[in-house]
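Just below is one structure, and these are the notes that go with it.
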Amino acid sequence: MTSRLLLALSLAAFLHLSAPAQKLEFAPGAQYDARIPSLKQIAGHDFGQRVTTPEEIIRYLKALNEAAPDRTRLIKYAETWEGRELYAIVIANAGRIARLDEIKSGLRRLANPGSLAPSDAERLIKDLPVVVALVHGVHGNEISSGEAALAEAYHLLAAQNDATVDLIRREAIVIIDPMQNPDGRARFIFQNLLGQAATPDSEPASAEHDEPWPGGRSNHYLFDLNRDWFAQTQPESQGRVKLLLEWAPQVVVDLHEMGGDSTYYFPPSAEPPNPHMTKTQGAWLEAFGQANAARFDERGFAYFNREVFDAFYPGYGVSWPMAQGAVGMTFEMASARGLAYRRQDGATLTYLDGAVRHFTSAMTTAATAARNREKMLRDFAEFRRNAGAGTTKAYLLPIGNDAGQTLRLVRTLINNGVIVRRADEPIKLDARTLPAGTFIVPLPQPAGMLVRNLLDPQAPMSDEFLKRQEIRRQKRLPDQIYDTTAWNMPMLYDVECVGVERELNVKASAVDAAAVTPSVNSETALADAIVGYALPWNATSAAAVIEALQNGLRARFLSQPFTIAGRRFAKGAAVFRVSDNGGDLKSSLAAIAARHGAEVVKLDSAFVSEGTSLGSNQVVALKSPKVLLAWDAPTNSLSAGWARYVLERRYGQPVTAVRVNSLNRVDLRRYDVLILPSGVYAFSADSLRRIKDWVAAGGTLITIAEASRWAARENVGLLDTRTELRDGAPETESSGASAKGESGRTPATFNQAIQPAREQPELTPGAILRVRLDEDHWLSSGADVEIQALVEGTRVFTPIKLDRGRNVGIYATGDRILASGLIWDAAKEQLPQKAFLIHQPMGQGHVIAFAEDPNYRAYAEMTQFLFINAVLLGVAY
């Protein structure tokens with residue numbers, strides 16, 4: 001039997017099984033070229049017969065490329081932390097592939113239409129294909145889309161006498177990325193096979209469906225890659241964004257899975273939309289939605305839209321492409337999470353079900369784009385010509401106290417395709433003058449919608465949507481906000497960002513990523529010093545100091561301000577004395593500082609004209625800490641992964657991850673720091689005593705978010721404060737409240753009568769709040785007095801009493817608490833001046849508690865720095 005018949009029969013049989021009232025076929029009227037290999041010929045199984053592994057997926061793409069080199073190009077675009085390769089296959093007709101480099105050049109020109117004459121733009125629109133990017137499996141346990149990707153590639157290459165495929169080949173280039181997260185997919189398959197029965201078990205509670213911690217959704221560092229598009233902390237995201245910037249697609253589809261009792265979702269999206277989405281993009285979403293609806297109706301497939309899945313947050317696989325001018329879409333299929341799944345309605349959902357439906361929507365979308373090639377290209381060019389237009393004409397990023405953080409932010413913007421320039425002269429504003437070297441992000445520009453998303457202080461939601469959420473909240477229904485409401489990068493980096501509402505007439509030079517990236521091969525020129533070298537304390541120097549300590553250099557630390565030879569160190573410093581280190585100090589420190597871009601100040605005298613002396617007892621010796629991180633259940637996998645990534649990759653601090661159930665076997669005396677990521681722990685009394693004894697003997701315990709709430713419980717006794725209920729009462733306090741209320745009086749109104757007696761505080765749906773720091777405490781060293789923190793949840797910590805500890809960070813007062821995003825009125829009343837960061841001494845050690853996760857998605861740079869202060873400085877004090 002030929003490969004084309006095998007595929008047609010297997011898919012047809014399955015579609016008939018899924019919808020017995022209607023005879024369904026894979027592609028009516030199509031024939032398949034036997035010269036194009038089937039999946040079974042390469043991997044040994046048909047589509048949907050078993051879950052295809054990452055290695056088999058890549059092998060099949062390579063086989064397709066070898067079978068049709070004149071109609072494909074295979075691109076390796078990244079490699080994961082675990083060493084797995086990520087590939088995309090580009091498919092077009094032979095004429096397009098022969099001119100592919102020329103076409104790519106034309107697409108990039110069209111993506112920057114400001115430099116094009118109208119006639120040149122029109123010629124490009126007439127000539128260029130529409131580019132459709134189909135990206136699959138960003139969550140590793142959402143498995144059916146990867147199978148669909150292989151069927152899509154096979155169909156586009158092997159189908160014969162198919163008018164729709166011919167149309168796509170003629171008018172489009174299709175880029176298929178079959179798996180954005182191979183590490184997560186491999187993890188899921190391993191666990192699925194480990195629990196697999198002799199025949200597929202459809203019971204939802206069966207071992208093959210019940211993923212152990214952390215599950216296959218995330219990548220190696222347990223990041224949700226569908227939140228990482230603009231932050232680009234992970235190599236998968238970095239490579240994918242670079243690929244899409246190179247190809248400038250007009251359509252990007254991100255194919256997912258959802259709960260097995262759902263049906264299928266495609267746009268139009270749920271509210272709220274991203275505030276910068278254009279009406280034209282909205283009209284395209286309607287058009288693609290109608291096309292998919294017609295095809296699904298024809299096939300007898302159930303679907304929904306305008307519910308659940310929004311495109312508000314710009315870090316999704318749907319919204320980041322939208323911000324670049326594409327029509328971005330999320331497709332969601334009910335997941336079998338294996339080969340078969342029993343739904344609540346009694347039907348059996350199969351792995352192949354998902355692959356067929358994803359295939360159907362992907363092909364329908366590609367065909368719709370092909371039919372509208374010229375209009376899509378014209379609308380894309382028009383978007384890129386005017387993107388970001390508004391009252392703000394530019395954003396300015398002056399170099400601040402931590403130049404490295406400003407450069408890091410600029411580098412991230414450039415890696416997102418944002419045009420950035422550097423002022424060659426001072427910039428005179430109405431009230432101040434910014435120095436030469438200030439970075440300029442002009443508006444409008446081709447990536448202007450993304451600029452507005454990342455740098456505007458607020459991303460508004462419609463009043464109508466917010467009113468509906470208020471009504472739901474009053475009924476104690478969950479709000480319909482899918483993700484965080486704030487992500488302003490300058491705020492989270494603690495980098496000044498100045499919006500300008502007039503045209504700038506300033507000499508400036510173009511900047512690329514290399515120009516703002518420290519070179520590993522460069523060396524900071526350091527002169528010989530009599531006393532030593534000081535690194536002003538900030539996030540950049542902290543990373544350099546961590547490396548220096550690991551390389552055997554000895555450093556001392558001052559948290560308080562001091563002045564030497566006219567140079568003021570306002571936020572503390574790390575000092576490397578010549579007398580503490582060998583003769584290689586200058587060269588070793590110079591190389592390390594260059595790698596990190598850290599400032600080094602030569603000290604020829606230890607005499608201070610103001611502030612703490614270098615020989616004071618307030619100066620402490622730093623050491624390279626031995627860090628232990630709680631891993632596995634009950635930790636929140638995201639929190640654990642963020643912490644590990646920030647330590648290992650962002651700051652280069654080694655960490656030992658130990659499963660929570662194995663902590664009893666660990667000799668805590670061998671470690672300086674124990675980190676408990678967010679989670680609700682259930683240590684035995686003996687285990688808890690061991691932790692307390694270790695802290696009292698000099699250990700530093702760091703608790704994060706829900707772990708801090710757990711530490712504050714009366715029966716835990718690690719943190720001498722309490723979390724609050726909505727009325728301000730302690731969360732752990734027993735209550736005899738009744739329907740008559742605390743006072744015993746009958747409530748006056750119906751609304752009062754139905755209010756819960758003991759209720760969690762109002763949930764804050766991911767807002768950026770202002771936090772005021774105690775500038776005299778070593779934990780705040782290197783930070784401004786006021787910073788911004790990402791707050792998401794219901795945690796409210798009563799400030800700790802002065803005789804028990806220090807409130808190193810508290811939320812700002814009510815009129816100033818909100819920096820960006822949405823906070824409901826009840827939370828806005830309760831959170832001001834409540835604790836964000838608590839330090840409680842315990843014997844010779846410390847308990848350091850963060851109310852929120854300081855490492856949120858690894859782009860909350862300033863709170864990450866406070867976390868590193870806790871790790872590095874807690875050992876010294």
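Rounded to whole Å, the principal axis extents of the Cα atoms in region 168-289 read 50, 35, 32, largest first. For Ser820, the residues whose modelled amide H falls within less than 5 Å of its own, excluding neighbours fewer than 5 places apart on the same chain, are Ile768. Surface calculation, 1.4 Å probe, protein heavy atoms: Ile471 sits at approximately 90 Å² accessible.
Size estimate for the chain follows the Kirkwood approach: the inverse of mean 1/r over distinct Cα pairs works out to 29.4 Å. Express in nm, to one decimal, how much length is gained between Arg35 and Arg468 on full extension, taking 0.36 nm for each residue of separation and deducting their alpha carbon distance. Extra length from Arg35 to Arg468 when fully extended: 150.2 nm. For region 629-735, the alpha-carbon radius of gyration amounts to 1.12 times the rule-of-thumb value 2.2 N^0.38 Å expected for a compact globular protein. Under the simplified labelling scheme, the Leu100-Arg816 pair shows an inter-label distance of 5.7 nm, with each label point 7 Å from Cα along Cα→Cβ. Using the Cβ-Cβ distance between Val716 and Val785 with R0 set to 30 Å, the FRET efficiency works out to roughly 0.40. Calculated accessible area for region 201-303 comes out at 31 Å² per residue, all protein chains present (probe 1.4 Å; ligands, DNA, RNA ignored). The angle between the Cα long axis of helix 100-110 and the longest principal axis of the Cα atoms of the chain comes to about 60 degrees, rounded to the nearest 10. Quick one: Debye curve from the C-alpha atoms of region 294-370, no solvent, what's log10 I(q)/I(0) at q = 0.19, 0.22, 0.24 Å⁻¹? Normalising to I(0) and taking log10 leaves -0.99, -1.15, -1.22. Scanning residues 5 or more positions from Phe304 or on other chains, those with amide H under 5 Å from its amide H are Tyr264, Tyr265, Phe266, with H placed 1.01 Å from N in the peptide plane.
Rolling a 1.4 Å probe across the protein heavy atoms gives region 58-115 an accessible surface of 44 Å² per residue. Trp213 contributes an accessible area of around 60 Å² to the protein surface, as traced by a 1.4 Å probe with all chains present. Extension gain for Ala510 to Asp345 (0.36 nm times residue separation, less C-alpha to C-alpha distance): 53.4 nm.
Using C-alpha pairs under 8 Å with a sequence gap of at least 6, the mean separation divided by the residue count of region 775-850 gives a relative contact order of 31 percent. When the accessible area of region 289-344 is computed with all protein chains present and a 1.4 Å probe, what percentage of it is carbon and sulfur? For region 289-344, the apolar C and S fraction of the accessible surface comes to 45 percent. The distance linking region 621-658 with region 843-861 is 11 Å (Cα centroid to Cα centroid, whole angstrom). Applied to region 564-569, the Karplus parametrisation 6.51 cos²θ - 1.76 cosθ + 1.60 on θ = phi - 60° returns per-residue 3J(HN,Hα) values of 10, 6, x, 9, 9, 9 Hz, with x for Gly and Pro.
Model label sites at Thr263 and Gln755, defined 7 Å from Cα along the beta-carbon direction, differ in position by 4.1 nm.
Using the Cβ-Cβ distance between Gln480 and Ala389 with R0 = 35 Å, the FRET efficiency computed as 1/(1 + (r/R0)^6) comes to roughly 0.70.
In this structure Thr391 has an accessible area near 100 Å², from a 1.4 Å probe over the protein heavy atoms. For region 70-214, with all protein chains in place and a probe radius of 1.4 Å, 50% of the accessible heavy-atom surface sits on carbon or sulfur.
Remark: relative contact order (region 216-346) = 38 percent; criterion is Cα-Cα distance under 8 angstrom and separation of 6 or more residues. Just report the Cα centroid separation between region 366-419 and region 257-333, whole Å. Between the Cα centres of region 366-419 and region 257-333 lies a distance of 22 Å.
The local environment of Ala293, defined by Cβ-Cβ distances under 12 Å, has a net charge of 0 under the rule Lys, Arg +1 and Asp, Glu -1.
What the phi angles of region 495-501 give under the Karplus curve with 6.51, -1.76 and 1.60, with θ = phi - 60°, is a coupling list of 10, 5, 9, 10, x, 10, 9 Hz, glycine and proline written as x. Measuring between their Cα centroids, region 167-204 and region 540-576 lie 49 Å from each other. A simple rule links phi to the HN-Hα coupling: the Karplus curve 6.51 cos²θ - 1.76 cosθ + 1.60 with θ = phi - 60°, which for region 689-705 gives 4, 4, 5, 5, 5, 5, 4, 4, 7, x, x, 10, 9, 10, 10, 10, 6 Hz, with x for Gly and Pro.
The values are calculated or read from the model by the stated rules, or taken from the named source; none is laboratory data. What you see is a predicted model; the values in this text were computed from it and never measured. We place every Cβ from the backbone using ideal geometry, glycine too, and count neighbours over all the protein chains shown. Each accessible area value is taken on the protein alone, full model and side chains, heavy atoms only, with ligands, DNA and RNA left out. Shrake-Rupley method; radii C 1.70, N 1.55, O 1.52, S 1.80 Å.
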